[in-house]
Each structure stands twice: as C-alpha cells, then as structure tokens.
1. Using a Debye calculation, one point per C-alpha and no hydration shell, please list log10 I(q)/I(0) for region 131-276 at q = 0.15 Å⁻¹ in order.
2. What does the charge dipole of the chain about its Cα centre add up to, to the nearest 20 debye, if the Cβ of each Lys and Arg holds +1 and the Cβ of each Asp and Glu holds -1?
3. Using the Cα centre of region 1-136 as origin and beta-carbon charges of +1 (Lys, Arg) and -1 (Asp, Glu), tell me which of 2, 106, 81 is placed farthest towards the positive end of the dipole.
4. Amide H neighbours of residue 278 under 5 Å, at least 5 residues apart or on other chains, H built in the peptide plane: list them.
5. Where nothing but the Cβ of Lys and Arg (+1) and of Asp and Glu (-1) is charged, how large is the charge dipole of region 221-365 around its Cα centre, in debye to the nearest 20?
6. Determine the dipole magnitude for region 33-150: charges of +1 sit on the beta-carbon of Lys and Arg, -1 on that of Asp and Glu, nothing else is charged, the reference point is the Cα centre, and the result goes in debye to the nearest 20.
7. For region 206-292, compute Rg over Rh where Rg is the Cα radius of gyration and Rh is the Kirkwood radius from the inverse mean 1/r over Cα pairs.
8. So for 107, 167, fewest C-beta neighbours within 10 Å to most, what's the order?
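Read the figures in this text as sums done on the coordinates, not as results from a lab. Just so it is clear, the model here is predicted, and its values are computed rather than measured. In this analysis, Cβ positions are derived from the backbone assuming ideal geometry, glycine residues included, and neighbour counts consider all displayed protein chains.
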Amino acid sequence: MINVTKTYLPSKEKYQKYIDEIFESGQVTNNGPMVKRLEKRLADYLGVKNIVLVANGTMALGIAYKLLRLEGEVITTPFSFVATTSSLAYGGLKPAFADIDSETFNLDPKKIEAAITEQTSGIVPVHIFGNACEVEEIESIAKKHNLKVIYDAAHTFDTQYKGESLLNQGDISILSFHATKLFHTIEGGALIIEDDALAREARLLINFGIDGPDSVIALGINAKMNEFEAAMGLCVLDDIDIVLDHQRGVFERYESGLKDVVSFQKQNKHSTQNYRYFPILLKTENETLRIQKALNDAGVFPRRYFYPSLDTLPYVEASSVMPLSRDISSRILVLPSYYSLTKDQQTLIMDIVRGANRDDAFSGL
Ligand SMILES: *Cc1c(COP(=O)(O)O)cnc(C)c1O
C-alpha cells in the first residue's frame, strides 16, 4: 500500500541517545534543554530572528491571533487544510473568505481587497503546498487598510523569497511540525515573530500567562512542545538536507513524466520550492475520481488535497460561495511523495495516471 505520505523517521540509535539525556536530566517538558537547542538550531537553519516552539500548528495560529489582537472578521483562503479556518472560528473570529487564483491556488490579492469591511482586522493567507503568496501585494493592502497579516506557512519550511526566508513576511508566520510535514517533531509547530516584545509575549501565552513562581500576568493557555518532540526534531533536522534532496528528485520525476497529461500548480518566480507536495490538476471531477479509483485499485492512495473547499464547512456563513476554490478542489489530487518512495513505485503511479487519463478519450467523460 502506498499512501500520500509516510513519516520520515531518523535513526533509532540516535533518537535513543537524546532519550537517554532526557532520562538523565529528568526534565520532560516546560521549556527544557531540548526545546531550547531546537529553537536555536532552527533559527540558524531557517534564517529567522525569533522562533517560539509550540505543541502544534493549530495552536500557533490561535496564539498568533491573540498576540495581534485580531477581532471581528479575518480574511482567509477557502483552499487549505481545515485548521486555517477552524482556528479562526474556534477563536471567536469570523472567517471571511476571498477566492483564490486558479493557477497558483493561493489567495488572489485583488479579491482580498474586495472582501475588506469595517469589521476586518487581519488577513490569514496560506502559502499553499509551499508556493509563496503574492507577499508584496498583500503587504501593501494590509498597510493601506491597517490590517495584520499572519501567514499560515505550515507547508513551507526553508523556502527562500528573493534571497531571504519567506517566513520573515507578514507580522507573524506559523509552521506546523506534524508528522506529515517536511520537517517534523511528531506533533509540533512554531511561531516566527520578528518583533522581540511580541515574541516574549508569545512565550508567556503558551505557558498559561505565567511570569514566575507566584505570578500570572496575562491570559494564556498551554501550548508547549515537550522534550521528546524536540529531540525528534533535532534528529530530523540532522537529516533534512538529504530528505529535501530526495523530495526534489521525486518532484522532478513526476513533473517530467506527467507534464503532457495533467496541469501543475504555477510557482511563484521569486521563491524557491521545498518540493514536499505534488498536486496534479485534472480537467474534470469525473476524471479526477477515475484516476483516484485506478490508483486505489493498485493500492495507491493519493489524497484530494484540499477537498472540500472550506467555504462549504457547516460553521461558516453559507452565503460566501467561492467558485474558483470549489472548482480547483473538485479536480485536484496530491500524489504520494515521501522519502522512502522508490523510483519503481513512482513509475507505477505515473503509468496508472497516464493510462486512466487516456481512458478518458474513449469513455467520452
Ligand atoms: C498541517 C496544517 C495545519 C495544522 O497544523 P497541526 O500541526 O496539524 O496543528 C495548519 N494549516 C495548514 C495549511 C496545514 O497543512
């Protein structure tokens, strides 16, 4: 069975060494030495000023909304993982959708501007599948209307935009280090915050607002990463360059093998790619479902990322219909792509996609 993804696991012996250290120190959580080491190493690796590690990417979003005092409506994309929208609704904010660009699959800046109302306090775009948003246009819209920008950068890791980390865009960027992501800590996430005072406040909020043994000075929550998770991150970070290299190989093989039969996401010219996801866009939903079935019959399980479009969620305003996002989500598939995927498996997947695609001509769908 070949799933859309498989978690990269480092050497067990190496992880064991870190676990031994944790057992010796006896400190398993509460901003321990592993978390501090991982923060330092990630800040260097990514080229960012402040990084605050947290329990998961969804918590990172929630903390970011609090730090920037978002209220009322927040403009966001309907084409993403559900957490982008659910974190807003869960935090008492109203997700206000703007539609996407059907080539880049990212929020369309022109539609952002049209969705701004008196109640709007922020924008939460997603660099979908790691593809950088139109960050400069978004920044100028935000400045003009005095809005905060939080990038859900869960799909990006070390992406460079015009020669520096894409994570330095916006007021805050968040990362997810869930086991399915390119770099992971089993469960985990991070806030990337340029402003030092905000970064200090983030450290307070992730630990109940506790300032000292007898002092609580803010309304916080528990969003801490633990030592076992940070240890996993330290191990995976050692191997990240070979993982990235392998992902690039997988991506390039798919690209050259399928370019004449399916469409691809249009990439931002100014940024590097991390090659983590390989989405293919088909002509119709029927074709999409047929290719999915043909792959499933051979034990291959791509995913309909992202389906359904988030404007169809039961807890968002039913009136906001996003036609482009609905169209793209109805005919997109993300193909398996992970470290241990072999060239033979990839050839099989591509043969099936090409075969099922050819059947289309005869079935008249
Ligand atoms: C994975 C993901 C999240 C949530 O991250 P968790 O660490 O699983 O909470 C948020 N947004 C996007 C776009 C994601 O893909």
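1. -0.94
2. Once rounded to the nearest 20, the dipole reads 500 debye.
3. Going by the charge dipole, the pick is 2.
4. It is 335, by chain and number.
5. Values: 17 positive and 19 negative charges, 86 e Å.
About 420 debye.
6. Numbers: 13 positive and 14 negative charges, 156 e Å.
Roughly 760 debye, rounded to the nearest 20.
7. Numbers: Rg = 21.8 Å, Rh = 17.6 Å.
Result for region 206-292 is an Rg/Rh of 1.24.
8. On the way: 107 31, 167 28.
In order of increasing Cβ crowding within 10 Å: 167, 107.
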